[in-house]
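Here is the structure we will look at, set down as C-alpha coordinates.
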Amino acid sequence: MKDLSTPDLPFYHAQSDECAVFQTAYENCLPLLLKGPTGCGKTRFVEHMAARLGLPLHTVACHDDLSAADLIGRYLLKGGETVWVDGPLTRAVREGGICYLDEVVEARKDVTVVLHPLTDDRRRLVIDRTGEELQAPKPFMLVASYNPGYQNVLKKLKPSTRQRFVSIGFDFPTPEVETPVVMRESGLDEGRAGALVRLAGKIRALSGMDLEEGVSTRLLIYAATMIARGMAVDRAIEAAIIEPLSDEPDVQQALRDLAAVIYG
(Lines give C-alpha, C1' and ligand atoms only; values in the text may rest on other atoms or scores of the structure.)
Protein backbone atom coordinates (compact mmCIF):
# COMPACT_ATOMS: atom_id res chain seq x y z
CA MET A 1 0.00 0.00 0.00
CA LYS A 2 1.25 3.51 -0.80
CA ASP A 3 2.45 5.83 1.93
CA LEU A 4 -0.32 8.24 2.95
CA SER A 5 2.12 11.13 2.54
CA THR A 6 2.51 10.42 -1.17
CA PRO A 7 1.56 13.70 -2.88
CA ASP A 8 -0.11 12.07 -5.88
CA LEU A 9 -2.87 10.52 -3.76
CA PRO A 10 -6.25 12.17 -4.46
CA PHE A 11 -7.03 14.25 -1.39
CA TYR A 12 -9.58 12.76 1.00
CA HIS A 13 -10.24 13.73 4.61
CA ALA A 14 -11.44 10.68 6.53
CA GLN A 15 -14.46 11.21 8.79
CA SER A 16 -14.19 7.95 10.69
CA ASP A 17 -12.67 4.50 10.06
CA GLU A 18 -13.93 4.19 6.45
CA CYS A 19 -10.39 3.78 5.07
CA ALA A 20 -9.74 0.82 7.37
CA VAL A 21 -13.08 -0.77 6.45
CA PHE A 22 -12.34 -0.37 2.74
CA GLN A 23 -8.87 -1.88 3.09
CA THR A 24 -10.15 -4.82 5.15
CA ALA A 25 -12.88 -5.48 2.58
CA TYR A 26 -10.32 -5.41 -0.24
CA GLU A 27 -7.86 -7.70 1.54
CA ASN A 28 -10.64 -10.24 2.18
CA CYS A 29 -12.25 -10.08 -1.30
CA LEU A 30 -15.47 -8.54 0.00
CA PRO A 31 -17.69 -6.30 -2.15
CA LEU A 32 -18.38 -2.84 -0.73
CA LEU A 33 -21.46 -0.61 -0.89
CA LEU A 34 -21.23 3.13 -0.13
CA LYS A 35 -24.46 4.82 0.95
CA GLY A 36 -24.94 8.55 1.26
CA PRO A 37 -26.18 11.81 -0.25
CA THR A 38 -24.95 13.26 -3.50
CA GLY A 39 -21.69 15.20 -3.30
CA CYS A 40 -20.61 14.02 0.17
CA GLY A 41 -17.31 12.50 -1.01
CA LYS A 42 -18.10 8.89 -1.97
CA THR A 43 -16.43 9.04 -5.38
CA ARG A 44 -13.38 10.91 -4.09
CA PHE A 45 -13.08 8.30 -1.34
CA VAL A 46 -12.96 5.48 -3.90
CA GLU A 47 -10.39 7.38 -6.00
CA HIS A 48 -8.27 7.93 -2.89
CA MET A 49 -8.39 4.29 -1.84
CA ALA A 50 -7.63 3.01 -5.34
CA ALA A 51 -4.52 5.18 -5.45
CA ARG A 52 -3.61 4.28 -1.87
CA LEU A 53 -3.81 0.56 -2.67
CA GLY A 54 -2.10 1.00 -6.05
CA LEU A 55 -5.05 -0.44 -7.99
CA PRO A 56 -6.50 0.48 -11.41
CA LEU A 57 -9.92 2.10 -11.10
CA HIS A 58 -12.75 1.46 -13.58
CA THR A 59 -15.57 3.91 -12.83
CA VAL A 60 -19.05 3.48 -14.33
CA ALA A 61 -21.65 6.24 -13.94
CA CYS A 62 -24.88 4.26 -13.83
CA HIS A 63 -28.02 5.57 -15.55
CA ASP A 64 -31.44 4.44 -16.75
CA ASP A 65 -30.15 2.95 -19.99
CA LEU A 66 -27.10 1.17 -18.55
CA SER A 67 -27.45 -2.52 -19.33
CA ALA A 68 -25.51 -5.64 -18.43
CA ALA A 69 -23.95 -5.57 -21.92
CA ASP A 70 -22.53 -2.10 -21.21
CA LEU A 71 -20.69 -3.56 -18.23
CA ILE A 72 -19.69 -6.92 -19.68
CA GLY A 73 -18.96 -6.04 -23.31
CA ARG A 74 -20.31 -6.68 -26.78
CA TYR A 75 -19.35 -7.62 -30.32
CA LEU A 76 -18.44 -4.60 -32.46
CA LEU A 77 -17.58 -4.18 -36.11
CA LYS A 78 -13.95 -3.11 -36.55
CA GLY A 79 -12.16 -3.00 -39.89
CA GLY A 80 -14.76 -5.22 -41.49
CA GLU A 81 -14.49 -7.83 -38.75
CA THR A 82 -16.70 -8.55 -35.78
CA VAL A 83 -14.63 -8.49 -32.61
CA TRP A 84 -15.48 -8.84 -28.95
CA VAL A 85 -14.77 -5.74 -26.82
CA ASP A 86 -14.70 -6.07 -23.03
CA GLY A 87 -16.78 -3.69 -20.94
CA PRO A 88 -15.34 -2.02 -17.81
CA LEU A 89 -16.52 -4.74 -15.44
CA THR A 90 -14.95 -7.48 -17.56
CA ARG A 91 -11.68 -5.56 -17.87
CA ALA A 92 -11.51 -5.16 -14.10
CA VAL A 93 -12.17 -8.89 -13.58
CA ARG A 94 -9.59 -9.94 -16.18
CA GLU A 95 -6.85 -7.55 -15.08
CA GLY A 96 -7.61 -6.93 -11.42
CA GLY A 97 -8.49 -3.59 -9.93
CA ILE A 98 -11.56 -1.81 -8.61
CA CYS A 99 -14.79 -1.60 -10.59
CA TYR A 100 -16.81 1.27 -9.12
CA LEU A 101 -20.51 1.46 -10.01
CA ASP A 102 -21.60 4.97 -9.11
CA GLU A 103 -25.33 5.23 -8.24
CA VAL A 104 -25.90 1.57 -9.04
CA VAL A 105 -29.63 1.83 -8.29
CA GLU A 106 -30.04 3.88 -11.48
CA ALA A 107 -28.95 0.97 -13.71
CA ARG A 108 -31.34 -1.47 -15.36
CA LYS A 109 -32.46 -4.53 -13.41
CA ASP A 110 -30.39 -6.97 -15.48
CA VAL A 111 -27.22 -5.39 -14.07
CA THR A 112 -27.82 -6.77 -10.58
CA VAL A 113 -28.25 -10.28 -12.02
CA VAL A 114 -24.74 -10.02 -13.45
CA LEU A 115 -23.32 -8.73 -10.17
CA HIS A 116 -24.67 -11.45 -7.89
CA PRO A 117 -22.11 -14.17 -8.79
CA LEU A 118 -19.35 -11.60 -8.21
CA THR A 119 -20.61 -10.70 -4.75
CA ASP A 120 -20.53 -14.11 -3.11
CA ASP A 121 -17.86 -16.76 -2.63
CA ARG A 122 -17.98 -17.68 -6.33
CA ARG A 123 -16.50 -14.32 -7.47
CA ARG A 124 -17.26 -15.28 -11.06
CA LEU A 125 -18.36 -13.36 -14.12
CA VAL A 126 -20.29 -15.30 -16.75
CA ILE A 127 -20.11 -13.94 -20.31
CA ASP A 128 -22.93 -15.66 -22.18
CA ARG A 129 -22.03 -14.15 -25.55
CA THR A 130 -18.53 -15.69 -25.56
CA GLY A 131 -19.17 -18.72 -23.38
CA GLU A 132 -16.51 -17.60 -20.89
CA GLU A 133 -16.67 -17.88 -17.13
CA LEU A 134 -14.06 -15.64 -15.52
CA GLN A 135 -12.77 -16.15 -12.00
CA ALA A 136 -12.05 -12.81 -10.36
CA PRO A 137 -8.42 -12.57 -9.23
CA LYS A 138 -7.39 -11.52 -5.73
CA PRO A 139 -6.79 -7.85 -6.72
CA PHE A 140 -10.35 -7.44 -8.06
CA MET A 141 -12.83 -5.50 -5.93
CA LEU A 142 -16.42 -4.52 -6.67
CA VAL A 143 -17.55 -1.21 -5.14
CA ALA A 144 -20.97 0.33 -5.66
CA SER A 145 -22.65 3.47 -4.35
CA TYR A 146 -26.15 4.85 -4.14
CA ASN A 147 -28.17 7.58 -2.51
CA PRO A 148 -30.85 6.09 -0.20
CA GLY A 149 -32.68 9.43 -0.20
CA TYR A 150 -33.54 9.07 -3.88
CA GLN A 151 -35.01 5.58 -3.64
CA ASN A 152 -38.60 5.07 -4.68
CA VAL A 153 -40.84 2.15 -5.59
CA LEU A 154 -39.46 1.94 -9.12
CA LYS A 155 -35.79 2.42 -8.19
CA LYS A 156 -34.84 0.65 -5.04
CA LEU A 157 -31.93 -1.56 -4.16
CA LYS A 158 -33.39 -4.89 -3.13
CA PRO A 159 -32.44 -6.38 0.26
CA SER A 160 -31.16 -9.47 -1.60
CA THR A 161 -28.63 -7.22 -3.33
CA ARG A 162 -27.78 -4.96 -0.37
CA GLN A 163 -27.02 -7.97 1.81
CA ARG A 164 -24.32 -9.14 -0.59
CA PHE A 165 -22.16 -6.13 0.29
CA VAL A 166 -20.26 -4.80 3.24
CA SER A 167 -21.62 -1.25 3.63
CA ILE A 168 -20.35 2.14 4.77
CA GLY A 169 -22.74 5.00 5.46
CA PHE A 170 -21.63 8.49 4.45
CA ASP A 171 -23.01 11.87 5.42
CA PHE A 172 -21.90 15.45 5.01
CA PRO A 173 -18.77 16.21 7.06
CA THR A 174 -18.80 18.12 10.31
CA PRO A 175 -17.82 21.82 10.01
CA GLU A 176 -14.44 20.99 11.55
CA VAL A 177 -13.76 18.57 8.70
CA GLU A 178 -15.61 20.31 5.87
CA THR A 179 -13.98 23.73 6.27
CA PRO A 180 -10.40 22.46 5.71
CA VAL A 181 -11.63 20.39 2.75
CA VAL A 182 -13.21 23.45 1.12
CA MET A 183 -10.06 25.48 1.82
CA ARG A 184 -7.73 22.89 0.31
CA GLU A 185 -9.81 22.24 -2.78
CA SER A 186 -10.55 25.89 -3.58
CA GLY A 187 -7.69 27.92 -2.15
CA LEU A 188 -10.14 30.07 -0.17
CA ASP A 189 -9.12 31.42 3.25
CA GLU A 190 -10.47 29.94 6.46
CA GLY A 191 -12.84 32.77 7.33
CA ARG A 192 -14.71 32.77 4.03
CA ALA A 193 -14.64 28.97 3.71
CA GLY A 194 -16.07 28.69 7.22
CA ALA A 195 -18.91 31.06 6.32
CA LEU A 196 -19.86 28.87 3.34
CA VAL A 197 -19.84 25.80 5.58
CA ARG A 198 -22.08 27.58 8.10
CA LEU A 199 -24.48 28.45 5.27
CA ALA A 200 -24.49 24.79 4.21
CA GLY A 201 -25.35 23.75 7.75
CA LYS A 202 -28.34 26.11 7.79
CA ILE A 203 -29.57 24.78 4.44
CA ARG A 204 -29.16 21.16 5.48
CA ALA A 205 -31.17 21.82 8.64
CA LEU A 206 -34.14 23.14 6.70
CA SER A 207 -37.35 21.15 6.84
CA GLY A 208 -40.61 21.52 5.01
CA MET A 209 -39.02 23.11 1.94
CA ASP A 210 -39.01 21.76 -1.60
CA LEU A 211 -35.39 20.60 -1.44
CA GLU A 212 -34.59 17.00 -2.33
CA GLU A 213 -31.21 17.29 -0.59
CA GLY A 214 -29.04 19.79 1.23
CA VAL A 215 -26.14 21.54 -0.41
CA SER A 216 -23.26 19.17 -1.16
CA THR A 217 -19.62 19.64 -0.26
CA ARG A 218 -18.97 19.64 -4.01
CA LEU A 219 -21.16 22.73 -4.49
CA LEU A 220 -19.44 24.47 -1.58
CA ILE A 221 -16.09 23.90 -3.28
CA TYR A 222 -17.50 25.33 -6.52
CA ALA A 223 -18.69 28.46 -4.71
CA ALA A 224 -15.41 28.78 -2.79
CA THR A 225 -13.39 28.42 -5.99
CA MET A 226 -15.35 31.24 -7.66
CA ILE A 227 -14.93 33.49 -4.61
CA ALA A 228 -11.21 32.72 -4.39
CA ARG A 229 -10.86 33.76 -8.04
CA GLY A 230 -12.41 37.15 -7.38
CA MET A 231 -16.16 36.71 -7.87
CA ALA A 232 -18.47 38.52 -5.47
CA VAL A 233 -19.71 36.30 -2.66
CA ASP A 234 -23.41 36.80 -3.37
CA ARG A 235 -22.97 36.04 -7.08
CA ALA A 236 -20.92 32.91 -6.37
CA ILE A 237 -23.54 31.66 -3.89
CA GLU A 238 -26.30 32.33 -6.40
CA ALA A 239 -24.53 30.46 -9.22
CA ALA A 240 -23.01 27.58 -7.26
CA ILE A 241 -25.55 26.94 -4.50
CA ILE A 242 -28.97 28.56 -4.95
CA GLU A 243 -29.55 27.90 -8.64
CA PRO A 244 -28.36 24.24 -8.54
CA LEU A 245 -30.50 23.45 -5.48
CA SER A 246 -33.89 24.60 -6.73
CA ASP A 247 -35.86 26.06 -9.65
CA GLU A 248 -38.65 27.34 -7.41
CA PRO A 249 -38.55 31.14 -6.93
CA ASP A 250 -39.87 30.98 -3.35
CA VAL A 251 -37.29 28.37 -2.36
CA GLN A 252 -34.51 30.35 -4.02
CA GLN A 253 -35.57 33.45 -2.10
CA ALA A 254 -35.57 31.52 1.16
CA LEU A 255 -32.00 30.41 0.41
CA ARG A 256 -31.00 34.01 -0.32
CA ASP A 257 -32.50 35.03 3.03
CA LEU A 258 -30.41 32.36 4.76
CA ALA A 259 -27.29 33.63 3.03
CA ALA A 260 -28.12 37.15 4.19
CA VAL A 261 -28.30 35.91 7.79
CA ILE A 262 -24.82 34.42 7.49
CA TYR A 263 -23.21 37.28 5.59
CA GLY A 264 -25.16 40.20 7.03
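The values are calculated or read from the model by the stated rules, or taken from the named source; none is laboratory data. Keep in mind it's a predicted model, so treat the numbers as computed, not measured. We place every Cβ from the backbone using ideal geometry, glycine too, and count neighbours over all the protein chains shown. Keep in mind that these areas ignore ligands, DNA and RNA; they rest on the heavy atoms of the full protein, side chains included. Shrake-Rupley method; radii C 1.70, N 1.55, O 1.52, S 1.80 Å.
When the Cα convex hull of region 141-261 is projected onto planes of every orientation, the mean area is 9.5 nm². With unit charges on the beta carbons (Lys and Arg positive, Asp and Glu negative) and the dipole taken about the Cα centre of the chain, which residue among 240, 200, 56 sits farthest to the positive side? With unit charges placed on the Cβ atoms, the residue in question is 56. Taking 7 Å steps out from each Cα toward its Cβ at residue 252 and residue 122 produces label points 5.2 nm apart.
Where the convex hull is taken over the Cα atoms of region 2-82, what is its projected area averaged over directions, in nm²? Write down the numbers at each step before the final one.
Working: hull surface 33.0 nm².
Answer in nm², one decimal: 8.3.
At 37 °C and 0.692 mPa s, grab the translational diffusion coefficient of region 41-182 from Stokes-Einstein with a Kirkwood Rh over Cα pairs, rounded to a whole number in µm² per second. Estimated via Stokes-Einstein, D reaches 199 µm²/s. As a fraction of the 1.4 Å probe accessible area of the chain, surface on carbon and sulfur atoms comes out at 51 percent.
Projecting each Cα onto the charge dipole of the chain (Lys/Arg +1, Asp/Glu -1 at the beta carbon, about the Cα centre), which of 187, 253, 37 comes out farthest on the positive side? Going by the Cα projections, it comes out as 37.
Can you give the Rg to Rh ratio for the chain, taking only C-alpha atoms and Rh from Kirkwood?
1.03
The antiparallel fraction among DSSP beta bridges confined to the chain stands at about 35%. Summed over the residues of the chain and divided among them, the accessible surface reaches 50 Å² per residue at a probe radius of 1.4 Å.
At full extension, residue 16 and residue 29 could sit 2.5 nm farther apart than now, given 0.36 nm per residue minus the alpha carbon distance. Positive contributions from Lys and Arg (+1) and negative ones from Asp and Glu (-1), summed over other residues with Cβ under 12 Å from the Cβ of residue 37, come out at 0.
Dipole size of region 109-264 about its Cα centre, with +1 on Lys/Arg Cβ and -1 on Asp/Glu Cβ: approximately 660 debye, rounded to the nearest 20.
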